[in-house]
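Only one structure is covered here, and it is reproduced in the block below.
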Amino acid sequence: MQRRGNLLTSSLASGFIFGFLSGVPFVGALNCACCSLILGAGALTSYLLVKGSDVPISFGRAAAGGLLAGVIAVPVMMVTWFAFAIIMGGDLDAEFEQAIEQASAYSPEAQQATQMVRDLGVGFIMFLVGILCVVLYSIFGVVGGLLGRAVFERRPAQPVPVPGTGTPPPPDRWQGPEGGSPPVNPS
Amino acid sequence: MSTTFVPAPRLVAPLLSLLAAAACALIIAPPLLAGAGHPGEAALVRLTFAPLCHQIPERTFHMLGVPLSVCARCTGVYAGVFLAFIAATFGMNALVLARRRAGAVLAAAAAPSLLLLILSASGLIPDAVVLRAVTGGILGLGTGACLVPAFEALCAELALKPSPTGG
């Protein structure tokens, strides 16, 4: 039976690794460069899928893996961040205030506007940030997965039947010349 | 038998261009909103981009005295991605290279940014905001060029999946 690469295992591993890195102080700052760590999570997921599959992985599978890795990375990142904050003795309220001040420093009107954000409290804001990160990390995870598939998958894509011909796809979605068996992953 | 809504591959580049245009619009929104008398909305748009960018004012372009949503490098990246999607919409043949050598294209696109990072960190060249934007733009062009064929292939795969009802 052909291996197809375990999507859940690949996504969990990538999500945990890059989620942890995202929560580590200074290292997590790499996410400030267009979520580069989350792009890496998606790319690593694709790499693991490629290595664990005997047949070329599809872009859909890579995208799904990247999305899953991005979603998994969010709670891992937040737990890691909290853990480091406690270990390092940080003041979460002070950091929250600093983040708000930086975001609104350019305008007194903006500072007044962000008073509403302060009033919501750290806990609720972290919940909202978590929701926002799930959305953003999902998107960048998909992007990373697609880029990873484009970079790491060197085997020819599986031929697919032309729609409307009435020819159903074979069970394993691969049919080589004269119906031969699929190629074995050379790696 | 296709899923409910999957764009045809030929529509992928235009749709991506629209999404990228929306993102670029959000990037320049804070100065425009602040200038129109909506500082609260401007601040909220900037906060939305906070997980994606450090937003350090000294490394960010300003318009009407107000910083954009993201730093100069990120602005360049998003602009480069948008230009790549626009180029794909008009069928530029340069994307053929991105289809076949995605790794090499991405590496070449990232090289200027890495070079600038090394040279500016070592003090050999000034860490100019414009240079950050230009190198970010090159990175965005390469990334966008690789993303278009990837999304086209994804839509083609999704379009050929049988529907859950078997119809």
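The values are calculated or read from the model by the stated rules, or taken from the named source; none is laboratory data. Everything quoted here is computed from the prediction, not taken from an experiment. We place every Cβ from the backbone using ideal geometry, glycine too, and count neighbours over all the protein chains shown.
Being in contact with a Ser or Thr (Cβ under 9 Å, 6 or more places away or on another chain), under 26 Å from B:Leu160 (Cα atoms), at pLDDT below 85 and of a type in the set (Val, Ile, Thr) is the requirement here; does B:Thr4 meet it?
yes
Six or more apart or on different chains, Cβ atoms under 6 Å: show the pairs whose first residue is in the stretch B:4-15 and assigned to a loop (DSSP other than H, G, I, E, B) and whose second is not hydroxyl-bearing (Ser, Thr, Tyr).
B:Val6/B:Cys155; B:Val6/B:Leu158; B:Val6/B:Ala159; B:Pro7/B:Leu15; B:Pro7/B:Cys155
Matching residues to (1) more than 25 Å from B:Ala29 (Cβ to Cβ); (2) at pLDDT 90 or above; (3) in a loop (DSSP other than H, G, I, E, B):
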| site | (1), (2), (3) |
| --- | --- |
| B:Ala79 | no, yes, no |
| B:Leu83 | no, yes, no |
| B:Ala107 | yes, yes, no |
| B:Ala111 | yes, yes, no |
| B:Leu114 | yes, yes, no |
| B:Leu124 | yes, no, yes |
| B:Gly142 | yes, yes, no |
| B:Ala150 | yes, yes, no |
| B:Ala156 | yes, no, no |
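Please go through the stretch B:35-56 and give me each residue that is more than 23 Å from A:Tyr137 (Cβ to Cβ), surrounded by 15 or more Cβ atoms within 10 Å (Cβ to Cβ) and out of contact with any Ser or Thr (no Cβ under 6 Å at 6 or more places or on another chain), ordered by number.
B:His38, B:Gly40, B:Glu41, B:Ala42
Inside the stretch A:1-59, can you point out the residues that are in contact with a Ser or Thr (Cβ under 7 Å, 6 or more places away or on another chain) and of a type in the set (Phe, Trp, Tyr)?
Result: A:Phe20, single match.
With respect to A:Ala62, is the statement that it is assigned to a helix (DSSP H, G or I), surrounded by fewer than 18 Cβ atoms within 10 Å (Cβ to Cβ) and either at negative phi or not acidic (Asp, Glu) (or both) true?
no
Just give me the residues in the stretch B:34-69 being more than 9 Å from chain A (Cβ to nearest Cβ) and in a helix (DSSP H, G or I), in sequence order.
B:Gly35, B:Val45, B:Glu58, B:Arg59
Going through the stretch A:58-69 one residue at a time, which ones are within 12 Å of chain B (Cβ to nearest Cβ), touching a Gly at 6+ places or on another chain (Cβ under 8 Å) and more than 12 Å from A:Leu147 (Cβ to Cβ)?
Once the filter is applied, which keeps residues that are within 12 Å of chain B (Cβ to nearest Cβ), touching a Gly at 6+ places or on another chain (Cβ under 8 Å) and more than 12 Å from A:Leu147 (Cβ to Cβ), the stretch A:58-69 yields A:Arg61, A:Ala64, A:Leu67.
Just the residues that are touching a helix residue (DSSP H, G or I) at 6+ places or on another chain (Cβ under 6 Å) and at pLDDT 90 or above, please, taken from the stretch B:28-57.
B:Ala29, B:Pro30, B:Leu33
Here is a list: B:Leu68, B:Leu32. Which entry is free of Cβ contacts under 8 Å to residues at least 60 places away in the same chain and either surrounded by fewer than 23 Cβ atoms within 10 Å (Cβ to Cβ) or more than 16 Å from the chain's Cα centre (by Cα) (or both)?
Of B:Leu68, B:Leu32, the one residue that is free of Cβ contacts under 8 Å to residues at least 60 places away in the same chain and either surrounded by fewer than 23 Cβ atoms within 10 Å (Cβ to Cβ) or more than 16 Å from the chain's Cα centre (by Cα) (or both) is B:Leu32.
Could you list, in sequence order, all residues of the stretch B:1-29 that are surrounded by fewer than 17 Cβ atoms within 10 Å (Cβ to Cβ) and among the polar types (S, T, N, Q)?
Hits for the stretch B:1-29 are B:Ser2, B:Thr3, B:Thr4.
Would you confirm whether or not the stretch A:42-53 contains a residue that is crowded, with 20+ Cβ neighbours inside 10 Å, at pLDDT 85 or above and not in a helix (DSSP H, G or I)?
Yes: the stretch A:42-53 contains one or more residues that are crowded, with 20+ Cβ neighbours inside 10 Å, at pLDDT 85 or above and not in a helix (DSSP H, G or I).
Could you tell me which residue of the stretch B:71-93 is surrounded by the most Cβ atoms within 10 Å (Cβ to Cβ), considering only residues that are farther than 30 Å from A:Val74 by Cβ and over 9 Å from the mean Cα position of the chain (by Cα)?
If we take residues in the stretch B:71-93 being farther than 30 Å from A:Val74 by Cβ and over 9 Å from the mean Cα position of the chain (by Cα), then B:Ala88 is surrounded by the most Cβ atoms within 10 Å (Cβ to Cβ).
Out of the residues in the stretch A:5-34 that are over 20 Å from A:Leu49 (Cβ atoms) and in contact (Cβ under 8 Å) with a residue 24 or more places away in the chain, which is surrounded by the fewest Cβ atoms within 10 Å (Cβ to Cβ)?
For the stretch A:5-34, the residue satisfying everything is A:Pro25.
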